[in-house]
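Comments concern the structure below.
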Amino acid sequence: MENGFFKTFSEVKLYVIISSNLMKKSLEEVLQDVIEGGADAIQLREKTMSDHEFLIIARQVRKVTAQSKTVFIVNDRVEIARKADADGLHIGQSDIDITTARNILGHNKIIGVSTHTISQARRAQQSGADYIGAGPVFSTATKSYEPPVGLDYVQQVKKEITIPFVAVGGINIGNVQEVLHAGGRRIAICSAIICSENIIGVTRVFKDLLMA
């Protein structure tokens, strides 16, 4: 990564996923709040937005994250990640493969892959992913089509996978301790932060738990 602040993805602890359809405030406010609260990485995830709109907001996010030294990841759309000069791309099991993504983005960018089984995790690691998402740990409204994989999967990944992994899916203040006990050291949060009435405060609570 050319900004050089996060030498590797392994320094990321709190990873916040932002989707505009869930936000109660403007993108600018939500961004500033999660950064102030201590988010290390921000993923922009817009499943239904047009490429044109997505690129406009991705460039906005890039500007803010570059100033605050926050890692900026685009979900799914490799061309948007490239044009917005994001730090990386996050892909699902049915999206483009890692090699193609690398060829488009360049080899200095971060590539993360969603995984739901240990065989998917192994494959992502062998294919050269920089990190994987492990989940959904709990059931989640944002990915209702994916059955939860549970804390066992977090433990399995912790034991076997050597690249960084991010526990994701339905994690909130009430269950985050279980994820930490299972070996999750990096956590991705969406609704529990961006739908909150006090984004800065909630972000800070998660960050403090991860730093403890």
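Once you wrap a convex hull around the alpha carbon atoms of region 98-141, what is its projected area averaged over all directions, in nm²?
Taking the Cα atoms of region 98-141, their convex hull projects to 3.6 nm² on average.
Each peptide among 129-139, 76-86 gets the average number of other Cβ atoms lying within 10 Å of its residues, and from highest to lowest they stand as 129-139, 76-86.
Using θ = phi - 60° in the Karplus curve 6.51 cos²θ - 1.76 cosθ + 1.60, the 3J(HN,Hα) couplings for region 24-41 round to 9, 10, 6, 4, 4, 5, 4, 4, 4, 5, 5, 5, 4, x, x, 4, 8, 9 Hz; x is entered for Gly and Pro. Under conditions of 25 °C and 0.890 mPa s, region 129-168 yields 235 µm² s⁻¹ as its translational diffusion coefficient, taking Rh as the Kirkwood radius over Cα pairs in the Stokes-Einstein equation. Over region 1-95, with a single point scatterer placed on each C-alpha, what log10 of the ratio I(q)/I(0) does the Debye formula yield at q = 0.16 1/Å? For region 1-95, the Cα-only Debye profile gives -0.60. At an R0 of 22 angstrom, the distance between the Cβ atoms of Glu146 and Glu11 translates into a FRET efficiency of 0.20. Within the straight-line cut-off of under 15 Å between alpha carbons, the aspartates and glutamates reachable from Lys13 are Glu36, Asp40, Asp130, Asp208, sequence neighbours fewer than 8 places apart in one chain being disregarded.
Each residue of region 109-116 is assigned a 3J(HN,Hα), and the resulting list reads 9, 7, 10, x, 10, 6, 10, 10 Hz, derived from the Karplus form 6.51 cos²θ - 1.76 cosθ + 1.60 (θ = phi - 60°), x at Gly and Pro.
Using the Kirkwood formula on the Cα atoms of the chain, what hydrodynamic radius do you get, in angstrom to one decimal? Spell out each step's value before the answer.
Details: mean 1/r = 0.0592 Å⁻¹.
Value: 16.9 Å, from the Cα pair sum.
Note on Asn198/Thr99: beta-carbon distance plugged into 1/(1 + (r/R0)^6) with R0 of 41 Å gives a FRET efficiency of 0.45. Indicate the gyration tensor shape class of region 55-138 (rounded, prolate or oblate), computed on the Cα atoms with a ≥ b ≥ c the square roots of the eigenvalues: a/c under 1.5 is rounded; otherwise a/b larger than b/c is prolate and the rest oblate. Because a/c hits 1.5 or more and a/b exceeds b/c, region 55-138 counts as prolate.
Among Gln67, Gln177, Gln156, the largest mean-square fluctuation in a Gaussian network model of the chain (Cα springs under 10 Å) belongs to Gln67. Structure remark: mean-square fluctuation, Gaussian network model of the chain, C-alpha springs under 10 Å; the largest value among Ile17, Ile56, Ile194 belongs to Ile56.
Only helical runs count toward this figure. For the chain, summing -39,500 (n - 2.57) over DSSP H runs of n ≥ 4 and dividing by all residues gives -11500 deg cm²/dmol at 222 nm.
Given a Förster radius of 30 Å and the C-beta distance between His52 and Thr117 as r, what FRET efficiency does 1/(1 + (r/R0)^6) yield to the nearest 0.05?
Working: r = 35 Å, r/R0 = 1.18.
With a Förster radius of 30 Å, E is 0.25.
When the P(r) is computed for region 91-196, the part past 15 Å accounts for 61% of the Cα-Cα pairs.
Throughout, read-outs are computed from the coordinates displayed, never taken from laboratory work. The structure displayed is predicted, hence computed values, not measured ones. Backbone-built Cβ (ideal geometry, glycine too); neighbour counts: all protein chains shown.
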